[in-house]
Amino acid sequence: CRTRSFWTEERRCKLERLAEREDGTVRAVVWRVDHGEQTSRQREQLTLKEEQGELHVKEGPAEYLGSRLIRIGEVLLLPEPRGWRAALKEAAGEDTELLLQRQDTLEPAPSS
């Protein structure tokens, strides 16, 4: 039996607008979408950066930090995020859903 040393969780949000920065990052204004444990509809700002063939949240609320963007509307960014800038620009202001995957290490088992 194989076990994973991490757990994953999906985060969904709707893209309102974005701005490209000189350092190559993208600042996105998004709205949370009710999904699973995520039940508040709140406006957030995320900074996205491409690193090692994946697109990650580098700045934003704690529950988004380190998450990777895996889908923009119908555009799947796996296994490589080709065309992600164009997809984000096209999606901005169109009420397009973004799908992020959060991955964290498991907490140690409580001692008895």
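Can you tell me the Rg and Dmax of segment 43-103, counting just the alpha carbons, in angstroms?
Spelled out, the Cα radius of gyration and Dmax of segment 43-103 are 10.9, 29 Å.
Would you mind getting me the FRET efficiency between ASP95 and GLN52? Use the beta-carbon distance for r and R0 = 25 Å, nearest 0.05.
Taking R0 as 25 Å, the efficiency between ASP95 and GLN52 is 0.25.
So how much slack lies between ARG27 and ARG43, counting 0.36 nm per residue of separation and subtracting their Cα-Cα distance, in nm? Don't jump to the answer; show the numbers that get you there.
Values: separation 16, 0.36 × 16 = 5.76 nm, distance 1.32 nm.
Working it through step by step, the gained length comes to 4.4 nm.
For segment 19-101, give the magnitude of the charge dipole about the Cα centre (Cβ charges: +1 Lys/Arg, -1 Asp/Glu; no others), in debye to the nearest 20.
Working: 12 positive and 17 negative charges, 20 e Å.
With Lys and Arg at +1 and Asp and Glu at -1, about 100 debye.
What is the distance in Å between the Cα centres of segment 13-34 and segment 36-103?
8 Å
Bear in mind these aren't lab numbers, they're just calculated from the coordinates by the rules spelled out. These numbers were taken from a predicted model, which means no experiment stands behind them. We place every Cβ from the backbone using ideal geometry, glycine too, and count neighbours over all the protein chains shown.
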